[in-house]
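Quick notes on the structure that follows.
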Amino acid sequence: MTPATWQDWIAWAGLIIPFAALAWAAVVHVLNQRESYRQKKYEKFMDLISRYNNAAGDEPLFTQLAAAFELRNYRSYKTVIQAIYQYQNEKVAKLELDDISSDPIRMAKRELVQAELSKTVEYLCGKGTMPPHLAKIRSARMRRELPPSPASPVLPPQAGEENNHL
């Protein structure tokens, strides 16, 4: 049925225009909600990064470990997380190692947090597909032997025991 008279056209326009306005409002609402979700996700990501970074030094170790683990939910920020991992390893290799090597507790905490971030990067990149420059860093970190802490000296093996802790 096609409108034949101008009254029929007005009747159809009276139906179509409100539905078009309603559809437009729905589309705008969905776009606004999507933008709000992106903003909240970005803010949560930045909060996790600040907790992981622990610049103020007041975050407990487990909060940092949980933040590194939670970063696995942010695949869209994979390149940023990889860059943070690479930067921290370069920073530790060049500058900070001498600074914290005298404090075995800080060194052990840093190693735990870095290991968790390493697992996060591996998870984000997929099993066995970590970028070569990051895989090289990770394998070097896994091979590195940490000096024993003064609080727990390495004891010589007893008679009949093997020295397997190295």
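Of all residues in the range 14-43, those being of a type in the set (Phe, Trp, Tyr) and either outside any helix (DSSP H, G or I) or under 31 Å from the mean Cα position of the chain (by Cα) (or both) number 2. For the residues 63, 79, the requirement of being surrounded by fewer than 16 Cβ atoms within 10 Å (Cβ to Cβ) and farther than 20 Å from residue 106 by Cα singles out 79. Among the residues making up the range 11-53, those that are among the polar types (S, T, N, Q) and touching a helix residue (DSSP H, G or I) at 6+ places or on another chain (Cβ under 9 Å) are 50, 53. Which of the residues that make up the range 44-73 are over 13 Å from the mean Cα position of the chain (by Cα) and either modelled with pLDDT of 90 or more or hydroxyl-bearing (Ser, Thr, Tyr) (or both)? Result: 63, single match. Filtering the range 36-60 down to residues that are among the aliphatic types (A, V, I, L, M) and out of contact with any Leu (no Cβ under 9 Å at 6 or more places or on another chain), which residue is surrounded by the most Cβ atoms within 10 Å (Cβ to Cβ)? This residue is 46.
The values are calculated or read from the model by the stated rules, or taken from the named source; none is laboratory data. Keep in mind that this is a model prediction, so the values were computed, not measured. Note that each Cβ is placed from the backbone with ideal geometry, even for glycine, and that neighbours are counted across all protein chains shown.
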